[in-house]
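Okay, structure first, notes after.
The values are calculated or read from the model by the stated rules, or taken from the named source; none is laboratory data. It should be emphasised that the depicted structure is a prediction, and the values quoted were computed from it without experimental measurement. For neighbour counting, all protein chains shown are included, and Cβ atoms are generated from backbone atoms with ideal geometry for every residue, glycine included. Heads up: the accessible areas ignore ligands, DNA and RNA and are worked out on the full protein's heavy atoms, side chains in. Shrake-Rupley method; radii C 1.70, N 1.55, O 1.52, S 1.80 Å.
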Amino acid sequence: MSELDKLEKYLKEHNIPYERIDDFKMGLIDRHQILVMDKDGCEIWDAVCHFGSYGYKQGLLEIMGTLVRPEDRDSVAGWLTAEDVISRIEGR
């Protein structure tokens, strides 16, 4: 099970609203992303694993948004496992 799959499982189990995107390019899945929204449907953070993301080669996640720095939605953190991301969710 991939790190993104583990994170998705956690979000489902905890009824956290999200959207998963798997972009297909040239017959291959090229980009995986989970977008997490607030109660109004606005994106508050996302997790990705795709070519060029920090940790992609190791199958790890890169996150951006309020899980990195609550005051800065453009901050990025990479090389994270699903457990690392879940710890940030539970620490909020």
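One table, with the values for the structure above:
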quantity	calculated
Test for Val48: is it buried (at least 19 other Cβ atoms within 10 Å of the Cβ) and closer than 14 Å to Glu3 by Cβ	yes
Leu61 vs. criteria open to solvent by less than 20 Å² (accessible area, probe 1.4 Å) and closer than 15 Å to His32 by Cβ	yes
Residue ranges of strands (runs of 3 or more DSSP E) in the stretch 1-88 with at least 1 members touching a Phe, Trp or Tyr at 6+ places or on another chain (Cβ under 9 Å)	28-37, 43-50, 61-65, 76-80
Residue under evaluation Leu7, criteria (1) in contact (Cβ under 8 Å) with a residue 60 or more places away in the chain; (2) open to solvent by 30 Å² or more (accessible area, probe 1.4 Å), criterion not met	(2)
Subset tally (residues that are at pLDDT 90 or above and within 14 Å of the chain's Cα centre (by Cα)) for the stretch 38-65	17
Residue count for the stretch 1-31, restricted to those that are within 20 Å of Ala77 (Cβ to Cβ) and modelled with pLDDT under 90	1
Residue list for the stretch 43-58, filter: over 17 Å from Leu11 (Cα atoms) and either in contact (Cβ under 8 Å) with a residue 24 or more places away in the chain or in contact with a Lys or Arg (Cβ under 6 Å, 6 or more places away or on another chain) (or both)	His50, Ser53, Tyr54, Gly55
